[in-house]
Amino acid sequence: MSALRSAAIPVSDPSAGLRITEIFYSLQGEANAAGLATVFIRLTGCPLRCHYCDTTYSFEGGERQSLAQIVQTALDYKTPYICVTGGEPLAQPNALPLMTRLADLGCQISLETSGALDVSKVDPRVSKVLDLKTPSSGEQKRNLMSNLDYLTQHDQIKFVICNREDYEWSKAQVSQYALDQLVSTVWFSPAFAVEKGAVALPALARDLAQWILEDHLPVRFQLQLHKLLWNDETGR
């Protein structure tokens with residue numbers, strides 16, 4: 001097994017804490033909370049290898065911290081909005097009690113998850129932002145479609161789209177599963193590229209907007225604000 005896919009990362013004993021890549025304070029760049037000052041808790045490790053991944057630095061390393069330490073760090077930023085992300089947060093079982101503790105304290109929690117791991121045990125107060133993997137991700141086969149049974153109007157679904165094939169596939173999923181009726185928002189987001197330190201806003205973004213208009217899709221188009229502001233700078 002590759003070191004980047006180490007089975008040693010998941011730990012289910014809450015006293016063991018979590019392996020953390022970074023905790024930082026920034027503006028939420030996407031989904032329903034876009035533009036809000038948010039604390040991001042980025043967990044280490046991911047069983048997927050999406051071709052367009054922009055957080056490969058979170059695949060390994062990190063520092064193990066207790067749940068109490070993580071909660072206190074998040075609270076010190078004095079914002080109720082907290083995003084648990086990765087990597088793939090649910091690869092570490094202790095992400096579940098972490099989110100419950102934060103919700104018990106009145107925080108508004110969102111979870112960014114690949115959709116490849118079971119979400120049935122996620123605290124219902126958490127807004128799940130589930131990323132259905134498109135063909136261009138290289139990980140389409142990992143989509144756990146049974147997760148749709150555990151989504152509500154409190155949750156969101158995101159598609160990262162790289163080309164017309166991804167768009168047509170995503171459109172078919174929206175139709176087949178009536179995703180716009182299942183969750184609060186279905187997002188179609190064009191994949192970004194970062195070239196020589198600058199974000200390359202693809203022509204795809206304009207094409208995607210036009211395709212959505214032409215097909216009258218019940219989805220929301222989004223650009224990732226954090227990339228427009230800070231490129232792929234870590235801690236942003």
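Along Cα→Cβ, 7 Å out, is where each label goes; now give me the distance between the ones at Met145 and Gln210 in nm to one decimal.
If labels sit at Met145 and Gln210, their model points lie 3.2 nm apart.
For the range 54-66, take each phi angle, set θ = phi - 60°, evaluate the Karplus expression 6.51 cos²θ - 1.76 cosθ + 1.60, and give the result in whole Hz per residue in order, putting x for glycine and proline.
Ordered by residue, 3J(HN,Hα) equals 10, 10, 5, 5, 8, 5, 8, x, x, 9, 6, 10, 6 Hz.
So how do 176-185, 148-157 stack up, highest first, on mean other-Cβ count within 10 Å?
Those peptides, ordered most packed to least, come out 148-157, 176-185.
Two decimals, Cα atoms only, Kirkwood Rh: what is Rg/Rh over the chain?
Dividing the radius of gyration by the Kirkwood radius yields 0.94.
Treating only the Cβ of Lys, Arg, Asp and Glu as charged (+1, +1, -1, -1), what charge dipole size does the chain show about its Cα centre? Round to the nearest 20 debye.
So the dipole magnitude of the chain works out to roughly 240 debye.
With a 10 Å cut-off between alpha carbons and a GNM built on the chain, which of Ser26, Ser110, Ser127 moves the most?
Between Ser26, Ser110, Ser127, it is Ser26 that shows the largest mean-square fluctuation.
Along the charge dipole of the range 41-103, Cβ charges K/R +1 and D/E -1, which of Ala74, His51, Ile41 sits furthest on the positive end?
Going by the charge dipole, the pick is Ala74.
Scan the range 71-151 for trypsin sites (Lys or Arg not before Pro) in coil per DSSP, keeping those whose Cβ has at most 16 other Cβ atoms within 10 Å, and list them by number.
Lys78, Lys121, Arg125
Determine ³J(HN,Hα), in whole Hz, for all residues of the range 103-114 in sequence, where each value follows from phi through the Karplus function 6.51 cos²θ - 1.76 cosθ + 1.60 and θ = phi - 60°; x replaces Gly and Pro.
5, 4, 8, x, 6, 9, 9, 10, 10, 9, 10, 6
With a 10 Å cut-off between alpha carbons and a GNM built on the chain, which of Ile161, Ile41, Ile212 moves the most?
Between Ile161, Ile41, Ile212, it is Ile212 that shows the largest mean-square fluctuation.
For Gln108, list long-range residues whose amide hydrogen, built 1.01 Å from N in the peptide plane, is under 5 Å from its own amide hydrogen.
Those lying under 5 Å, H to H, from Gln108 are Tyr81, Ile82.
For Thr79 and Thr152, FRET efficiency with R0 = 25 Å and r from the beta-carbon atoms, rounded to 0.05?
0.55
Name the most mobile residue of Glu139, Glu168, Glu214, meaning the one with the largest mean-square fluctuation, in a Gaussian network model of the chain with Cα contacts below 10 Å.
Highest fluctuation among the options: Glu214.
Rounded to whole Hz and in sequence order, give me ³J(HN,Hα) for the range 117-127 from the Karplus expression 6.51 cos²θ - 1.76 cosθ + 1.60, θ = phi - 60°, writing x for Gly and Pro.
Karplus values, whole Hz, x for Gly and Pro: 10, 4, 9, 5, 9, 5, 3, x, 6, 7, 7.
Quote to one decimal, in nm, the extra length available between Gln72 and Tyr25 on full extension: 0.36 nm per residue of separation minus the C-alpha distance between them.
Contour length minus Cα-Cα distance gives 15.6 nm.
Using modelled backbone amide H atoms (1.01 Å from N, in-plane), which distant-in-sequence or interchain residues come within less than 5 Å of Leu43's amide H?
Amide H neighbours of Leu43: Thr21, Thr85, Gly86.
On the protein heavy atoms, probe 1.4 angstrom, tell me the percent of accessible surface of the chain carried by carbon and sulfur.
Solvent-exposed carbon and sulfur of the chain make up 52 percent of the total.
Quote the FRET efficiency, to the nearest 0.05, computed for Tyr57 versus Ala34 with a Förster distance R0 of 35 Å and r equal to the Cβ-Cβ distance.
0.90
Keeping all protein chains in place, calculate the accessible area per residue for the range 1-141 (probe 1.4 angstrom), answer in Å².
41 Å²
The values are calculated or read from the model by the stated rules, or taken from the named source; none is laboratory data. This one's a predicted model, so the numbers in the text were calculated from it and none came from an experiment. Positions of Cβ are backbone-derived with ideal geometry, glycine not excepted, and every protein chain shown enters the neighbour counts. Surface areas here come from the heavy atoms of the whole protein model, side chains and all, with no ligands, DNA or RNA. Shrake-Rupley method; radii C 1.70, N 1.55, O 1.52, S 1.80 Å.
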